[in-house]
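Comments concern the structure below.
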Amino acid sequence: QVQLVESGGGLVQPGGSLRLSCAASGLTFNVYAMGWYRQTSGNQRELVALINPGGTTTYADSVKGRFTISRDNAKNTMSLQMNSLKPEDTAVYYCNANLRAFSINYWGQGTQVTVSS
């Protein structure tokens, strides 16, 4: 049974930092592309950052230079370091594991990030 468990969300002031983590189990972690997505009420889920098995990263333009995605294949974990947070970063953040060649896609339950003074 595949599980993706996010942690690290919370309330932070504008300009602050948070670090999200995703712990994966039940899958061969090092063959999956891993990503962070976010969603606000009434909007579609959007890609925040992606890291492929080899470590190549992709970021949404809105977070480039502020967010850093990383993975530890030995520990089956992925992280998102979020700096210089803005109110518009407020959303539920979801961990995703994707194996495109087999159309396999898994999601975590989400963690709330609120940026507010």
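The values are calculated or read from the model by the stated rules, or taken from the named source; none is laboratory data. The structure presented is a predicted model; accordingly, all values stated were derived computationally and were not measured. Quick reminder, even Gly has a Cβ in these numbers, built from the backbone with ideal geometry, and neighbours come from all protein chains shown. Note: areas computed on protein heavy atoms with side chains; ligands, DNA, RNA excluded. Shrake-Rupley method; radii C 1.70, N 1.55, O 1.52, S 1.80 Å.
Tell me whether segment 74-84 contains one or more residues that are in a loop (DSSP other than H, G, I, E, B), in contact with a Phe, Trp or Tyr (Cβ under 7 Å, 6 or more places away or on another chain) and basic (Lys, Arg). No, segment 74-84 contains no residue that is in a loop (DSSP other than H, G, I, E, B), in contact with a Phe, Trp or Tyr (Cβ under 7 Å, 6 or more places away or on another chain) and basic (Lys, Arg). Given the structure, is Ala23 open to solvent by 40 Å² or more (accessible area, probe 1.4 Å), under 24 Å from Ile104 (Cα atoms) and not basic (Lys, Arg)? Spelling it out, Ala23 is indeed open to solvent by 40 Å² or more (accessible area, probe 1.4 Å), under 24 Å from Ile104 (Cα atoms) and not basic (Lys, Arg).
When each of Thr90, Thr56 is tested for being loosely packed, with under 13 Cβ neighbours inside 10 Å, among the β-branched types (Val, Ile, Thr) and out of contact with any Gly (no Cβ under 7 Å at 6 or more places or on another chain), the lone residue that passes is Thr56. Taken as a whole, segment 32-42 holds no residue that is assigned to a helix (DSSP H, G or I), within 27 Å of Ala101 (Cβ to Cβ) and either in contact with a Gly (Cβ under 6 Å, 6 or more places away or on another chain) or open to solvent by 20 Å² or more (accessible area, probe 1.4 Å) (or both). Hey, could you check segment 46-89 for residues that are over 14 Å from the mean Cα position of the chain (by Cα) and among the hydroxyl-bearing types (Ser, Thr, Tyr) and say which is nearest to Gly35 (Cα to Cα)? Within segment 46-89, the match that is nearest to Gly35 (Cα to Cα) is Thr56.
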